[in-house]
């Protein structure tokens with residue numbers, strides 16, 4: 001294996017699912033300017049997620065249609081018969 005190709009600056013980061021408010025802490029190298037105070041009283045960088053395993057239909061078993069930025073409307077408009 002090649003040496004020195006993996007990042008070394010892993011740190012604890014809070015990932016927050018914005019659709020349901022679920023948050024978890026993990027290690028990451030992702031850059032962010034936002035921070036959040038975690039349950040242990042310390043402040044950690046915050047990464048906002050649009051969807052996670054707690055809100056994704058595959059994991060929840062619920063069929064939810066998420067229409068972000070009117071994708072369905074754009075599709076219908078693009079392929080509508082003129």
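The values are calculated or read from the model by the stated rules, or taken from the named source; none is laboratory data. All of these numbers come straight from a predicted model, not from anything done at the bench. Here the Cβ is made from the backbone with ideal geometry for all residues, glycine too, and neighbour counts use every protein chain on show.
Listed values, structure above:
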quantity	calculated
Residue that is surrounded by 10 or more Cβ atoms within 10 Å (Cβ to Cβ) and at pLDDT below 90, where the choices are 46, 66	66
Subset of region 1-29 (residues that are assigned to a loop (DSSP other than H, G, I, E, B), under 12 Å from the mean Cα position of the chain (by Cα) and surrounded by 10 or more Cβ atoms within 10 Å (Cβ to Cβ))	18, 19, 20, 22
